[in-house]
Amino acid sequence: MRRYQKKGAGVLVRSVSRHSPFYRAGLRRGDRVVAINGECIKSELDFRFFAAEERLYIDAVREGEPSVIEVKRVEGAVSGVTLAEQPIRRCVNRCIFCFIDQLPRGLRRSLYIKDEDVRLSLLNGNYITLSAFRKRDLEPIVRIGLSPLYISVHATDRELRRRMLGNRKIPDIMEQLAFLALHGIRFHTQIVVCPSYNDGKALERTVGDLLTFKEAVRSIAVVPVGLTRFRTFPLPPVNHGVAENVCRQIARISDRAVKRDGFRRVFLADEFFIKARLPIPEASYYGEYPQIENGVGLIRRLLDSWQQVKDTLRRRRSSNCGKFHKKRLLVTSVSAAYFVASIIDEMTALRPALRIEIVPVRNRFFGETVTVAGLLTASDIIRQVKTILKGAQYDEVVLPGVIFNYAGYTLDGFSPGRIGKTLGIPVRSTQSLEELIVS
């Protein structure tokens, strides 16, 4: 039996379900699991990966005494083991474009965490830079096959990337990605375009370098830098001219790669098309929407969702035509306002009884250059909606669900109920267009 004397080695068991095969085998709360089938366990990801076998020999330490616990489990059975949370690996970069560094005080505490944690990249799609990862840090990723990862690249030129990340000690990202690709790790990547830094020829080189990894790079998202009024580092915004150039440049590169590979890997964020005043691409452009959480394809998904709803309304044109509907004030973002307004016009043409008006809320909290719905705060919504409510009567206010986190709170900590109480009118959030049609 192997002995593990190093203090803090392994992962600590916080609880074990009584119905779990691990509990029946003798694993208990407070045990520290240091190895499974001879493989050292250093993280929760290690535990989940190596504990997936049907027969396990767990090296554990209980009150300083080592023991071996044999577990027999049915394939696919839930482990029922909860582990103590491990500290989040923090980012040490000082990126010139970091959005978190542009946040004011007073928001939810979790918003100020700059993570560089592989676990969150794998499980939540959080982007990491690998800037503090040496080969010894990449080897565990390869060992248990953590894939796909989400990696912020921004520039493949090492000196340019150092300047953008504000970190002189970063390793060569191309060498890191090559190591991961060689060992079967796949990755989604992003490039935050900062005009005068990594646009133009630098952008072309970065995208070209990433495409050399072929099947290893699952997608490349090109997104515009987000700038709030609280920024201290002087950066020019992505304006109409910059957006036009980037759209033209990426279209050429991306289309050429499609001809070679048979599918698209390089995508532009919706904001680029909106700022360049170009049409939103069709659904075929986005494939399986690999970067939708990064603002790539949200508008197309909305438009296509409306087409499905519209087809349903046409088939049921005679039903509910005279039914009374509440008068709703629908909040939207500045960037989506044109598309939402067009949808509402078509919706009310098919259902004249619907009474929906929209209000594009300007983002005064972060600054009016921030135009996406996900960064709207309750304070801005309340300020603008209050003015409208003084001059008109509405039955309820409808908010886009994207402004709330998983717990139902805005960036500045308001729930729909609290917003409604402040406004003196019922408020609810919606995740779909169908919900607007139902009274």
- Return the total of residues in region 73-98 being closer than 18 Å to residue 41 by Cβ and surrounded by 13 or more Cβ atoms within 10 Å (Cβ to Cβ). 9
- Message: Consider region 364-386. How many of its residues are of a type in the set (Asp, Glu) and touching a residue at least 40 places away in the same chain (Cβ under 8 Å)?
- Response: 0
- Message: If the requirement is being surrounded by fewer than 16 Cβ atoms within 10 Å (Cβ to Cβ) and in contact with a helix residue (DSSP H, G or I) (Cβ under 7 Å, 6 or more places away or on another chain), which of these qualifies: 53, 70?
- Response: 70
- Message: As an exercise: evaluate residue 232 against (1) buried (at least 17 other Cβ atoms within 10 Å of the Cβ); (2) within 26 Å of residue 365 (Cβ to Cβ) and give the number of the one condition it does not meet.
- Response: (1)
- Message: With the structure loaded, tell me whether residue 215 is in a helix (DSSP H, G or I), without any contact (Cβ under 8 Å) to a residue 60 or more places away in the chain and closer than 21 Å to residue 247 by Cα or whether it fails that test.
- Response: no
- Message: Which of the numbered conditions does residue 261 fail, given that it passes all the others? Conditions: (1) of a type outside the set (Val, Ile, Thr); (2) surrounded by 17 or more Cβ atoms within 10 Å (Cβ to Cβ); (3) touching a residue at least 24 places away in the same chain (Cβ under 8 Å).
- Response: (2)
- Considering 147, 131, 121, which residue is assigned by TED's automatic domain parsing to the domain that holds residue 201 and outside any loop (DSSP other than H, G, I, E, B)? 121
- Identify all residues within region 46-66 that are aromatic (Phe, Trp, Tyr) and in contact with a strand residue (DSSP E or B) (Cβ under 7 Å, 6 or more places away or on another chain); write none if there are none. 47, 50, 57
- Confirm whether residue 124 is among the polar types (S, T, N, Q), surrounded by fewer than 18 Cβ atoms within 10 Å (Cβ to Cβ) and under 22 Å from residue 185 (Cα atoms). yes
- Could you tell me whether region 291-299 includes any residue that is under 22 Å from the mean Cα position of the chain (by Cα) and over 27 Å from residue 181 (Cβ atoms)? yes
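The rows are residues; the columns are (1) aliphatic (A, V, I, L, M); (2) in contact with a helix residue (DSSP H, G or I) (Cβ under 8 Å, 6 or more places away or on another chain); (3) assigned to a strand (DSSP E or B).
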position	(1), (2), (3)
231	no, yes, no
252	no, no, no
272	no, yes, no
278	yes, yes, no
289	no, yes, no
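For every residue, the table says whether it meets (1) closer than 19 Å to residue 400 by Cβ; (2) acidic (Asp, Glu); (3) at pLDDT 90 or above.
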residue	(1), (2), (3)
267	no, no, yes
286	no, no, yes
301	yes, no, yes
326	yes, no, no
336	yes, no, yes
- assigned to a helix (DSSP H, G or I), touching a Lys or Arg at 6+ places or on another chain (Cβ under 8 Å) and loosely packed, with under 15 Cβ neighbours inside 10 Å - does that describe any residue in region 294-316? no
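The values are calculated or read from the model by the stated rules, or taken from the named source; none is laboratory data. No experiment lies behind these values; they were computed from the predicted model shown. Note that we place each Cβ from the backbone using ideal geometry, even for glycine, and neighbour counts take in every protein chain shown.
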